[in-house]
1. Ranked by accessible surface with a 1.4 Å probe, highest first, in what order do TYR82, TYR19 come?
2. Suppose every Lys and Arg Cβ carries +1 and every Asp and Glu Cβ carries -1, with no other charges. What dipole size does the chain come out with about its Cα centre, to the nearest 20 debye?
3. Which distance in Å, rounded to a whole number, links the C-alpha centroids of the stretch 1-60 and the stretch 90-128?
4. I want to verify a result. In a Gaussian network model of the chain, Cα cutoff 10 Å, which of these has the top mean-square fluctuation: ILE76, ILE49, ILE88?
5. Answer with one residue from ILE13, LEU61, LEU42: the one whose Cα lies farthest towards the positive end of the charge dipole of the chain, charges on Cβ with Lys, Arg +1 and Asp, Glu -1.
6. Measuring from label point to label point, each 7 Å out along Cα→Cβ, what is the GLU39 to VAL16 span in nm?
7. Using only Cα atoms and rounding to the nearest 10 degrees, what angle (0 to 90) does helix 114-124 make with the longest principal axis of the chain?
8. State the extension gain, in nm to one decimal, for the chain segment bounded by VAL86 and HIS108, taking 0.36 nm per residue of separation less the distance between their alpha-carbons.
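The values are calculated or read from the model by the stated rules, or taken from the named source; none is laboratory data. None of the values given here were measured: they were computed from a predicted structure. In this analysis, Cβ positions are derived from the backbone assuming ideal geometry, glycine residues included, and neighbour counts consider all displayed protein chains. In case anyone asks, the SASA skips ligands and DNA or RNA and just uses the protein heavy atoms, side chains included. Shrake-Rupley method; radii C 1.70, N 1.55, O 1.52, S 1.80 Å.
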Amino acid sequence: MQINVSQLLQESIGAVRDYEINEAADITGDGKDDNIRGECRLLRTQRSILVKCRLRAEVELGCSRCLSRFRQPLKIKFEEEYFPTVDIESGVPLPPPEEASNFTIDEHHVLDTTEAVRQYALLAVPMKPLCRPDCAGLCPRCGQNLNHGPCGCPAADIDPRWSALTKL
Ligand SMILES: [Zn+2]
Ligand SMILES: [Zn+2]
């Protein structure tokens, strides 16, 4: 999302703007656009524009157990300060923000949330995605997806440490 904030930068501290977000962006880098929806609020602070977003997106992931592709909903919530790079009144370049990790507003007063949305969305992606909590995974012998039903392989070999118990 790109927003021209030249107006907001000229307003007094505490001024806010609300934006509805509904756009497509490739979050996971798989070449497919994911839809992102939600709200962002921009707040003029003394030194910056504070951006608060609550967004939802859905990305396509591969299940870590059965390897099938599935849609995973994500909740993306963040708060970031965006620092102006030029003075809104004089046009004079401003020193960069103290922390290099901070986001900036470009010299045309355009605030771009794309990178923040991407970073926070990636944080929301589970480390070991599952197509469903009880995913049965793949048969270790024949590789069939056991979510589609049993494969007909003989039951897994019983751990020899348990075999004595099964005789009881
Ligand atoms: Zn699965
Ligand atoms: Zn099998």
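1. Largest accessible area first, the residues go TYR19, TYR82.
2. With only Lys, Arg, Asp and Glu charged at Cβ, the dipole is about 1340 debye.
3. For the stretch 1-60 versus the stretch 90-128, the Cα centre distance is 11 Å.
4. ILE88
5. Highest projection toward the positive end goes to LEU61.
6. 0.8
7. 30
8. 7.1 nm
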